Amino acid sequence: MLARSVSRAVWITLLLWLWVLWPVPTAAASPTGYEVAPVFQGFYERYGGVRIFGYPIGPAIFERGYLVQYFERQRFEYHPELAGTEYAILLGLLGREIAERERRDLRPVAPLPGRRYVPETGHHIAPEFLTYWDTRGSVRLFGYPITEPFWEAGVLVQYFERARFEYHPQFAGTEWAVLLGRLGAAVWGERNRELSYHENTLANQLAQLINRTRQENGLAPLLLDPLLTAIAQYRSTDMARRGYFAHASPEGQTAFDLITDTGIPWRFAGETLQRNNYPLERTAAEAARSLFASPSHRAILLDGRFTHVGVAEATASDGMHYYTVILVQR
């Protein structure tokens, strides 16, 4: 670690770290322009893929401390505390989230003869949905029913903990009679996330300065990777929130742990960190200047082996800006 003081009590601190790992299989692209994150690929394919979950509609991001990815009909969640078990990948309770927001009637009902009754939630499973629920994943994928079935706009609807089942009578007798609601798309849209870089973001300013310097030195620009960006953002936010500055969190977690856990295909990886409390109009430029002024950091940023990058910034309550740059060779 290199630290030095400058005028007006501005502190500039830089850290770097390199790691080497053999690659893992690459992710498959989708028509939406997003890939299924490697950590979710096995689960996605094993439990029905696009037919059940739809296509991914955004990159993997960190939410409430967990890596998640939104699909048209679901939210996948990676729980590292359950790694090595069948529950490391869980599906979001989107059915419950939407049903509660829409103020659906979730009160339990009494059992009816001849109907499948689920005592855990006190609701029946509509006969139109029973075969689909039983054969496509049952409680593991969809959870238990949390409403009774009801008709809405000519469609029979029933909410489950993790899904909304829809029966379309015009498709009766075909595989499209039962469809799952696009709950993932609904929740993703409401969040109104803008994960792409914009000219006025500090992270984008730093990314542009890094690529400009690479090109000035005869190197190809690094490709901005949304999953690496999500990891970098998680790292910057965690440091800004908890007030540490290191390649390892207080619990010992590193960017390379996160890269490995998410299954990003990489052969060679590096991380550089920088922090300063310059004003907004100067902080990104100062971060770039400081990184390239350090021979060791400059060597990392101008390493021709790197192909992809994630860049992020988070501002602490005291005004300190924490920058994280994660680079990999695919």
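The values are calculated or read from the model by the stated rules, or taken from the named source; none is laboratory data. Because the structure is a prediction, the values reported are computed rather than measured. Note: ideal-geometry Cβ built from the backbone for every residue, glycine included; neighbour counts use all protein chains shown. The protein model used for the area step is the full one, side chains on, heavy atoms only, and it has no ligands, DNA or RNA in it. Shrake-Rupley method; radii C 1.70, N 1.55, O 1.52, S 1.80 Å.
In the stretch 81-101, of all residues being in a loop (DSSP other than H, G, I, E, B) and without any contact (Cβ under 8 Å) to a residue 60 or more places away in the chain, the one that is least open to solvent (accessible area, probe 1.4 Å) corresponds to Ala88.
Kindly establish whether Ala220 is surrounded by 17 or more Cβ atoms within 10 Å (Cβ to Cβ) and at pLDDT 90 or above. When the stated conditions are applied, Ala220 does not pass them.
Being surrounded by 17 or more Cβ atoms within 10 Å (Cβ to Cβ), closer than 18 Å to Tyr117 by Cα, within 32 Å of the chain's Cα centre (by Cα) and without any contact (Cβ under 8 Å) to a residue 60 or more places away in the chain is a property that Thr135 lacks. Taking the stretch 199-222 as the range and being among the β-branched types (Val, Ile, Thr) and under 18 Å from Tyr278 (Cα atoms) as the test, only Thr201 passes.
Grab the helices (runs of 4 or more DSSP H) fully contained in the stretch 237-330, keeping just those with 1 or more residues being at pLDDT 95 or above.
Details: elements: 255-262, 280-293, 295-301.
Because the criterion is at least 1 residues that are at pLDDT 95 or above, the helices (runs of 4 or more DSSP H) in the stretch 237-330 that meet it are 280-293, 295-301.
Sub-7 Å Cβ pairs linking a first residue in the stretch 31-44 that is in a helix (DSSP H, G or I) and open to solvent by 20 Å² or more (accessible area, probe 1.4 Å) to a second residue that is aliphatic (A, V, I, L, M) and at pLDDT below 85, at least 6 apart or interchain, are Pro38/Val24; Pro38/Ala27; Pro38/Ile264; Gln41/Ala27, ordered by first then second residue. In the stretch 63-80, the residue that is most open to solvent (accessible area, probe 1.4 Å) out of those that are in a loop (DSSP other than H, G, I, E, B) and within 27 Å of Asp238 (Cα to Cα) is Arg64.
Scanning the stretch 102-111 for residues that are open to solvent by less than 30 Å² (accessible area, probe 1.4 Å) and either farther than 25 Å from Arg51 by Cβ or touching a residue at least 24 places away in the same chain (Cβ under 8 Å) (or both) turns up nothing.
Return the residues of the stretch 235-249 that are of a type in the set (A, V, I, L, M) and free of Cβ contacts under 8 Å to residues at least 40 places away in the same chain; say none if nothing qualifies. Spell out the reasoning first.
Our first condition is that a residue be of a type in the set (A, V, I, L, M); within the stretch 235-249, this holds for 239-240, 246, 248.
Listed by number, the list holds a single entry, Ala248.
Suppose the filter is surrounded by 18 or more Cβ atoms within 10 Å (Cβ to Cβ), acidic (Asp, Glu), more than 17 Å from the chain's Cα centre (by Cα) and within 20 Å of Leu202 (Cβ to Cβ); does Glu281 pass it?
Working: surrounded by 18 or more Cβ atoms within 10 Å (Cβ to Cβ): no; acidic (Asp, Glu): yes; more than 17 Å from the chain's Cα centre (by Cα): yes; within 20 Å of Leu202 (Cβ to Cβ): yes.
So Glu281 fails the test.
Just one residue in the set Phe292, Phe256, Phe245, Phe306 is within 18 Å of the chain's Cα centre (by Cα) and either more than 30 Å from Gly84 (Cβ to Cβ) or open to solvent by less than 40 Å² (accessible area, probe 1.4 Å) (or both); that residue is Phe256. Within the stretch 154-184, being surrounded by fewer than 18 Cβ atoms within 10 Å (Cβ to Cβ) and outside any strand (DSSP E or B) holds for Gly154, His168, Pro169, Gln170, Phe171, Ala172, Gly173, Thr174, Glu175, Trp176, Ala177. Quick check: is even one residue across the stretch 94-109 under 30 Å from Thr262 (Cβ atoms) and basic (Lys, Arg)? Yes, some residue in the stretch 94-109 is under 30 Å from Thr262 (Cβ atoms) and basic (Lys, Arg).
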